[in-house]
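Notes follow once the structure below has been shown.
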Amino acid sequence: MQARQSYVVVKYNGKDISKTITDYTEGFQYTDNASGKADTVKLTLNDRSGKWSGSWFPIQGDYVETTIRLTNWSSEGDNRKFNCGFFLLDDMEFSGPPSIASIGGISTPISTDFNVTQKSKTWKKTTVKGILEKIAATAGIGLYFSGQDYPIDELEQSGETDQAFAFKLCSSYNLAMKLYNRKIVVFDQTDYENKKAGLTIKKTQCESWRIKRKMTKAYDGVSISYTDSKTEKTLKYKYMMRNGSRILKLNESAESLQDAEIKAKAKLLEHNRSCQTATLKVKGDTKYIASKCCNLSGFGKLDGKYYIDTVTHTKNPRGGYSCSLEMHLCIVVKGVTVAKVDSGKTTKAASSSSTAGKTYTIVSGDTLWKISTKFLGNGSKYMQIYNPNSGVIEAAAKSHGKSSSNNGHWIYPGTTLNIP
């Protein structure tokens, strides 16, 4: 059997320098974040010749592209590669003795003001995707958006960089956002957590492991206040994930029932995802990817399906390759949605329905989110109703003086919808 090998291909400003730096390389590290942080890469190099601090010294605008390659990894012929992406050089450190150069890159576009300039702006009559499209265009990068889009009536960006604002915006709507290979990548984290685990990690495979469980961070439900745009009344939205008395009370504002539901669930999930976390060190492999799910086995009652938040790939010149994984126990979203008026009247929205495949006529007080919750069991699936009914929805909006429905944000009583 041919020897198992792992190595890193490094392109510097588009030129493959892998062979050139072989004798200088002391280590390689790539950190893959699922959301909330930019991916990073670091090359540790010996600088005994003084080249890295001299004629090879990186200048502003230099970039690297790295790929991890594995040959005969689990068996002969098992060859794999993982494209770590594009990184602008951002962090350089020189130390000694011995003389060492540490050169770091980040997936953030540092050649623009994306993560530098604090901006104040009011976003009106748009959507989450619409905001991100404009931010990406300003930063000179692409946008890959696979999550559910949400309408935004009005939103303030107050003294925040585009990067910080974009991360916060996505977090508020339970969307994961990462910066990868010159793109803003956005996806629905709950959808990913609901996917079947693609691999299993056994306790015996771990070089080291640590699992934490913090029950004081667990909440049974969440409540948030919002103002109804039609009645101008202050209402309270409450969502219970399970029976219990631990309620997370949010101080942030919401502009509608739909907006309140999205933000409340997102914040509840954010808290509960931190209740049970795991940190593992395992033999390196390109199959470990942030945002994927894996099963942990052999840990007793701590077994379960976990979502990978961060993977750090570490490679040394002596052939050692390991991965450190940070993950959290996947959250199963169940429960009853409750919209409560201050007077004490309470309306329950069913968590599931068997009435799909019929028609429904919009009545006063309806939103596509509310209709989707009723018929499809999840308000975030409202685009599944909007898309096949966009013609009648847009026609109704225009007949009421709107230029568009803003992806179903404006709907009107009397409009008949086909429920998929």
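Table for the structure above
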read-out	value
Candidate lysines for bridging to residue 119, where Cα separation is under 26 Å - those fewer than 8 sequence places away on the same chain excluded	37, 129, 134, 168, 178, 183, 263, 267
Separation of the residue 274 and residue 20 label points, Cα + 7 Å toward Cβ, nm	4.5
For mean projected area of the Cα convex hull in nm², calculated from these coordinates, the label among (1) 24.8; (2) 19.1; (3) 20.2	(1)
Degrees between helix 257-272 axis and first principal axis of the chain (Cα, 0 to 90, nearest 10)	40
Over region 65-204, equivalent-ellipsoid semi-axes from the Cα gyration tensor in Å	33, 25, 13
Nearest-ten-degree value, helix 128-139 long axis tilted from longest Cα axis of the chain	40
Accessible-area order (highest first, 1.4 angstrom probe) of the listed residues 204, 40	204, 40
Area accessible to solvent at residue 310, 1.4 Å probe radius, in Å²	20
Between region 378-420 and region 129-163, the alpha-carbon center distance in angstrom	23
Dipole magnitude (debye, nearest 20) for region 258-332, charges at Cβ of Lys, Arg, Asp, Glu	300
Rounded to the nearest 10 Å², the accessible area of residue 293 at probe 1.4 Å	10
Over region 1-140, equivalent-ellipsoid semi-axes from the Cα gyration tensor in Å	33, 23, 11
Using alpha carbons only: equivalent-ellipsoid semi-axes of region 150-263, gyration tensor based, whole Å	32, 23, 13
Whichever aspartates and glutamates have a C-alpha closer than 16 Å to that of residue 121, once near sequence neighbours (fewer than 8 apart) are set aside	113, 133, 153, 154, 156, 160, 162
P(r) histogram, all alpha-carbon pairs of region 144-205 included - 10 Å bins from 0, percent	18, 41, 26, 12, 4, 0
The chain: calculated mean residue ellipticity at 222 nm from DSSP helix runs of at least 4, using -39500 (n - 2.57)	-5000 deg cm²/dmol
Nearby aspartates and glutamates by direct alpha-carbon distance to residue 42 (threshold 13 angstrom, same-chain neighbours under 8 apart not counted)	26, 32, 65, 90, 91, 93
Sparse-neighbourhood loop sites, GluC sites (Glu not before Pro) in region 159-251 - DSSP loop, at most 11 other Cβ within 10 angstrom	232
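The values are calculated or read from the model by the stated rules, or taken from the named source; none is laboratory data. All values reported here derive from a predicted model rather than from experimental measurement. All Cβ positions, even for glycine, are placed from backbone atoms using ideal geometry, and neighbour counts span all protein chains on display. Protein only, heavy atoms only, side chains kept; ligands, DNA and RNA dropped before computing areas. Shrake-Rupley method; radii C 1.70, N 1.55, O 1.52, S 1.80 Å.
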